[in-house]
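Q: Here it is, the structure, as structure tokens.
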Amino acid sequence: MLKIAIYGKGGIGKSTTTANLSAALSTMGYRVLQIGCDPKADSTKNLVGRSIPSVLEQLQKNPHGLTREDLVFPGFNSTFCVESGGPTPGIGCAGRGIITAFEKLEELGVYETYAPDIVFYDVLGDVVCGGFAMPMRDGYADYVFIVTSGEMMALYAATNIASAIKNFGKRNYAKLGGIILNQRNIANEQALTEQMAKEINSQLIASLPRDGIVQQAEAQCKTVVEAFPNSGMAACYQELASKVLEVCHG
């Protein structure tokens, strides 16, 4: 089982990229489990075709009688989807919500039962506190990939995430697999991102073009891979999926 965490600044297209990665890998024959680790619980919407209840929501409704089926929902092409969720805005710690969700998934034997080939953790990267850092430590993820644009704040967040990975590297936790550029069409975007990747001793593994077909697919609550499988953008996600596997398998 290959475990991959996808990090990035909020609003950078991280969840869109992760969902399309899951969809692309499923069409390649892999059994994929995607776990959204954002309080908004919107990581898997385009795989399932709707919003799904989060682990924390389900725990609030039924703290003692939850089953795996209450937490894991089928998505496109036999993918499996989970949302950790978060507390009511302004109340409680969102990072703690991730920890609680992970503990419940382990308690219910989700990984053993669904036996995925690949697990994606889709993680908000604006704050790399204990809870949000959990996927890159404690043996959860094997590799971390960072989604960014060439915008200053996105690159700043990417650098912070890389710093956290470096600190955990001393304990044999997750490795930084590379940088994924999700283009915003700003000046010198690729060069800026390549320079940042070089500064953190990493590599730019893919550059995804800005394409309105992504929004067209999302308007249907679908990934590009499902809605427009023969499009150039779907091919970009397929190429990214192959590159991620190449990096992780050496």
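Q: For A191, all conditions in the list (1) exposed (fewer than 15 other Cβ atoms within 10 Å of the Cβ); (2) of a type in the set (G, A, S); (3) within 28 Å of M1 (Cβ to Cβ) hold save one; what is the number of the exception?
A: Only one criterion in (1) exposed (fewer than 15 other Cβ atoms within 10 Å of the Cβ); (2) of a type in the set (G, A, S); (3) within 28 Å of M1 (Cβ to Cβ) is unmet by A191, namely (3).
Q: So which of F120, F132, F102 is under 22 Å from N172 (Cβ atoms), modelled with pLDDT of 85 or more and in a helix (DSSP H, G or I)?
A: Checking each option against the conditions leaves just F102.
Q: Looking at this structure, is A217 of a type in the set (G, A, S) and within 17 Å of Y7 (Cα to Cα)?
A: It is false that A217 is of a type in the set (G, A, S) and within 17 Å of Y7 (Cα to Cα).
Q: Next up: Conditions first: (1) touching an Asp or Glu at 6+ places or on another chain (Cβ under 9 Å); (2) under 18 Å from A5 (Cβ atoms). A227 passes all but one, so which condition is the exception?
A: Every listed condition holds for A227 apart from (2).
Q: Could you look through the range 170-187, keep only residues that are modelled with pLDDT of 95 or more and among the small types (G, A, S), and pick out the one that is farthest from the chain's Cα centre (by Cα)?
A: A187
Q: So which residues in the range 47-67 are more than 18 Å from the chain's Cα centre (by Cα) and of a type in the set (S, T, Y)?
A: If the condition is that a residue be more than 18 Å from the chain's Cα centre (by Cα) and of a type in the set (S, T, Y), then T67 is the only one that fits.
Q: Further question: Among residues belonging to the range 137-156 that are in contact with a helix residue (DSSP H, G or I) (Cβ under 6 Å, 6 or more places away or on another chain) and crowded, with 24+ Cβ neighbours inside 10 Å, point out the one that is nearest to A101 (Cα to Cα).
A: My answer is A141.
Q: Considering every residue within the range 191-208, establish whether at least one is in a helix (DSSP H, G or I), among the polar types (S, T, N, Q), modelled with pLDDT of 95 or more and more than 29 Å from T27 (Cα to Cα).
A: Looking for residues that are in a helix (DSSP H, G or I), among the polar types (S, T, N, Q), modelled with pLDDT of 95 or more and more than 29 Å from T27 (Cα to Cα), one finds at least one in the range 191-208, hence yes.
Q: Within the range 22-37, does at least one residue satisfy the condition of being of a type outside the set (A, V, I, L, M), within 19 Å of G95 (Cβ to Cβ) and not in a helix (DSSP H, G or I)?
A: yes
Q: Within the range 68-78, identify whether any single residue is in a helix (DSSP H, G or I), among the hydroxyl-bearing types (S, T, Y), at pLDDT below 95 and over 15 Å from the mean Cα position of the chain (by Cα), and answer yes or no.
A: no
The values are calculated or read from the model by the stated rules, or taken from the named source; none is laboratory data. If you're wondering where the values come from, they're calculated on a predicted model, not measured in any experiment. As a convention, Cβ positions derive from the backbone with ideal geometry for all residues, glycine included, and neighbour counts pool all protein chains shown.
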